[in-house]
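Contents: one structure, followed by commentary.
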Amino acid sequence: MSTVSPALRACTRETIPDQTIAAAPPGAVLGVGAIDLAIDAADRSVQSIRRRIAERFGIADTGSAGLVDWLLHREPPPALVIDRVDSAAEVDRLLGELLAPLAARASRRRLRLALGFTGPPPRDLDCQVWLGPEPVTGAARGTADPRAVRSLLAELGRAEGELAPLHAGVSARVAGAPGLPRCRAPWLRVRYAVSVADELTGELAQIGHLAEERLMFIRRLTDELRQREREHTELGLAMDAYLERATGRFSAEDKELSVLYGEARGALRDGPCDIDAARAAVDTYIDAIRRRERCHLIDGHSCAANGVVGPENSFFEVGRGKAAN
């Protein structure tokens, strides 16, 4: 906060007023013990930084790749702060070997990584939020109730936090999912604390307006992802229901059904799927089973050559998994 607030920029961390910290919304100020390790990277080599991290966690320094893998899989996930990255002795190596690989997977592994730069960070560095000193600007006018804005920011933070695991799950199963946007709540929480401390009423109104717009966007994106998740789940349930149905009624040597099931399963479950192609493959498999069931209901004897066995029964409606008597 002392780096982004005009009133606090000259203060040390120890002299930030208690009332400023108390006014900050959840997440804007870290509690005691929230950071596992903080390092000033200025003039330090990659090996020096790597050794300091390994020393802090009591592990051997086996190289950058090994350390990155260990940090990403540690439980509980660590929280690291590395400041003045662009003043390190080996900036390119530090970013390429250690920090960029950590940043790329930090949110998925729930690792908290805060990187400080004396200037703008690299454009290609993955990050969820950039906490620069720039104020929030926009077209909002008037004033805003600090308590209402604080509540709105807390709601936005929860929505963004819930979106990340939902997005990871959906994008692993369904191709073409919308990209995960950068979190805005952390930046807005910091700007909120600054605007309250410095009585920047105009910026507070902008923060409230932007937070409201952002919350609506996150909710729309969440609804879209949940719809894709439902479609994928329902296709899988329908396919599994018809597989169980076919297993009980038709010969295990039915080559056509075996091939169609393999195609449907592959289209649906082999990596992120094209949902339209998967739906077509599942429907083709279900249609083949329905044709056999209809044939059996009309004339069980004539369908015996196609592998129909067992008593007559009802057949399923395509894609619904409901028996039609």
Worksheet item: What residue, among those in the stretch 162-175 that are of a type outside the set (D, E, K, R) and touching a helix residue (DSSP H, G or I) at 6+ places or on another chain (Cβ under 8 Å), is nearest to GLY236 (Cα to Cα)?
Response: VAL174
Item to complete: Among the residues of the stretch 31-60, write down those that are touching a residue at least 12 places away in the same chain (Cβ under 8 Å) and either in a loop (DSSP other than H, G, I, E, B) or over 19 Å from ALA88 (Cα atoms) (or both).
Response: ALA34, ILE35, ASP36, ALA41, ALA42, ASP43, ARG44, SER45, ARG56, PHE57
Item to complete: Could you tell me which residue of the stretch 235-268 is modelled with the lowest pLDDT, considering only residues that are acidic (Asp, Glu) and either over 29 Å from VAL170 (Cβ atoms) or outside any helix (DSSP H, G or I) (or both)?
Response: GLU253
Worksheet item: Can you pull out the residues in the stretch 188-209 that are crowded, with 21+ Cβ neighbours inside 10 Å, of a type outside the set (D, E, K, R) and either out of contact with any Asp or Glu (no Cβ under 6 Å at 6 or more places or on another chain) or modelled with pLDDT of 95 or more (or both)?
Response: LEU188, VAL190, TYR192, ALA193, VAL194, VAL196, LEU204, GLN206, ILE207, GLY208
Worksheet item: Given the structure, is ALA144 modelled with pLDDT under 90 and part of a helix (DSSP H, G or I)?
Response: no
Fill in: Within the stretch 244-277, considering residues that are among the hydrophobic types (A, V, I, L, M, F, W, C) and touching a Phe, Trp or Tyr at 6+ places or on another chain (Cβ under 6 Å), the one farthest from GLU293 (Cα to Cα)
ALA264
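Can you find a residue in the stretch 242-250 that is among the hydroxyl-bearing types (Ser, Thr, Tyr), over 30 Å from PRO186 (Cα atoms) and surrounded by 15 or more Cβ atoms within 10 Å (Cβ to Cβ)?
Scanning the stretch 242-250 turns up at least one residue that is among the hydroxyl-bearing types (Ser, Thr, Tyr), over 30 Å from PRO186 (Cα atoms) and surrounded by 15 or more Cβ atoms within 10 Å (Cβ to Cβ).
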Practice prompt. Specify which of the listed residues (GLU134, GLU199) is closer than 30 Å to ARG105 by Cβ and not in a helix (DSSP H, G or I).
Written response: GLU134
Item to complete: Give the stretch 97-118 a look and list any residue that's small (Gly, Ala, Ser), over 17 Å from the mean Cα position of the chain (by Cα) and over 21 Å from GLY66 (Cβ atoms), or say none.
Response: ALA114, GLY116
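The values are calculated or read from the model by the stated rules, or taken from the named source; none is laboratory data. All of these numbers come straight from a predicted model, not from anything done at the bench. FYI the Cβ positions are ideal-geometry reconstructions off the backbone, even for glycines, and counts take in every protein chain you see.
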